[in-house]
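The values are calculated or read from the model by the stated rules, or taken from the named source; none is laboratory data. Just so we're clear, the structure is a prediction, and the values are computed from it rather than from any experiment. Cβ sites come from the backbone with ideal geometry, for glycine too, and all protein chains shown count toward neighbours. The protein model used for the area step is the full one, side chains on, heavy atoms only, and it has no ligands, DNA or RNA in it. Shrake-Rupley method; radii C 1.70, N 1.55, O 1.52, S 1.80 Å.
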Amino acid sequence: MSESPDVRVALIGYGMAGSVFHAPLIDAARGMALHAVVTSSEERAEEARRAYPGVTVHATPAQLWQNADQFDLVVVASPNRTHKHLAMAALQAGLGVVVDKPLAASAEDAREVIAEAEKRGQFLSVFQNRRWDGDFMTIERLREEGELGDIRRFESRFERWRPEPKGGWRQSGAPGEAGGVLYDLGAHLIDQALVLFGPVASVYAELEHRYPDAEVDDDTFVALTHRNGVRSHLWMSSVAAQSGPRFRVLGSRAAYTSFGMDGQENALKAGARPNQPDWREVVEDGQGYLTAGSEERPVHNDPGAYRRYYEAVAVAVQNGTRPPVNAADAADGLEIIAAAQRSSAERKVVHLPE
């Protein structure tokens, strides 16, 4: 660490993930400063310079490793196939690392990265921003307050309507690409289920290919049975012409239901920033409902707060404390993704070792 009060960040990748999520959140977070962006696209390089005057733009990650003493943290927001390689290179250069989900294409690769970080005593975390969705935070609060009683079933959906595939590496069936909605959207849903209900005993899944000539899943269902008995039913799709409830949580005292996605992503895409005075006016927090039989009352969802992730990262890097998202959680999620792929291929329930 330098003597600067801010964590000096280099961001690798300035596509949608880098430009819409990571760069704005890093720039807005207390205790962080965006110092460099890596992109091979001159168009994206100019976009980064306009958005963040004074930032240094590099064409390759190798330029970061040559100047590693100028940074404290590297954020990897490049295509999934590069996550493991770039995370390992950053750790070997003596830098802390945040990797966008998934940490790697497999649990085995993820654990190699974790072992490297532990060996070198370097910071490592995974960007699971959906833990700071307002509706998810509302579920955590209602559960803690006892409003739901004992939760028995957790239903979660991340569904989009894209009649035509977008193309690009996410549609590639090459194993190292980690494409498809199970890796893309399912990584969020699985992580949220693990946060709420802990380890999983068994997995059942249906991975469907709806697009013509599709190489990867685009319409998927995953059922998890947690060791504590809770059942999580997770839907993820690119071809859902109508979305179901975002969340439906059934407990012994009441149920919570919410519709629509957290509004932070749309606000960031529109150019709003979390450190601007009108941020809360721009973001739609959403509406949930707490129901017990015929009795129903609205629940205004808690404000979402993606920025908190990076502010917690800043504190952890500066103080040498635990990251806001443990990389081991990401490895556990990848184990479930592999089990879901096997379940669908073999058409059976897959039991996970304790």
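Points to keep in mind about this one:
- Qualifying residues in the range 311-347 (those that are touching a strand residue (DSSP E or B) at 6+ places or on another chain (Cβ under 8 Å) and not in a helix (DSSP H, G or I)) - the one farthest from L34 (Cα to Cα): N326
- Criterion: modelled with pLDDT of 95 or more and not charged (D, E, K, R) - qualifying residue of P199, P212, P165, P175: P199
- Selection of the range 241-274 for residues being in contact with a Lys or Arg (Cβ under 8 Å, 6 or more places away or on another chain), open to solvent by 20 Å² or more (accessible area, probe 1.4 Å) and part of a loop (DSSP other than H, G, I, E, B) yields S243, G244, P245, S252, F259, G260, M261.
- Residues that are closer than 14 Å to R157 by Cα and either in contact with a Phe, Trp or Tyr (Cβ under 9 Å, 6 or more places away or on another chain) or part of a loop (DSSP other than H, G, I, E, B) (or both) within the range 171-183 comprise just one, V181.
- Count of the range 191-219 residues, restricted to those that are in contact (Cβ under 8 Å) with a residue 60 or more places away in the chain, assigned to a strand (DSSP E or B) and out of contact with any His (no Cβ under 9 Å at 6 or more places or on another chain), is 4.
- Residue match in the range 149-156 (condition: among the aliphatic types (A, V, I, L, M) and in a helix (DSSP H, G or I)): no
- Counting the residues of the range 62-99 that are in contact with a His (Cβ under 9 Å, 6 or more places away or on another chain) and open to solvent by 20 Å² or more (accessible area, probe 1.4 Å) gives 2.
- Qualifying positions in the range 206-240 - open to solvent by 70 Å² or more (accessible area, probe 1.4 Å), in contact with a Gly (Cβ under 7 Å, 6 or more places away or on another chain) and of a type in the set (D, E): E215
Here's the yes/no breakdown for (1) surrounded by 21 or more Cβ atoms within 10 Å (Cβ to Cβ); (2) within 21 Å of A17 (Cα to Cα); (3) touching a residue at least 12 places away in the same chain (Cβ under 8 Å):
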{"position": "R141", "(1), (2), (3)": "no, no, yes"}
{"position": "L148", "(1), (2), (3)": "yes, no, yes"}
{"position": "P165", "(1), (2), (3)": "no, yes, yes"}
{"position": "Q171", "(1), (2), (3)": "no, yes, yes"}
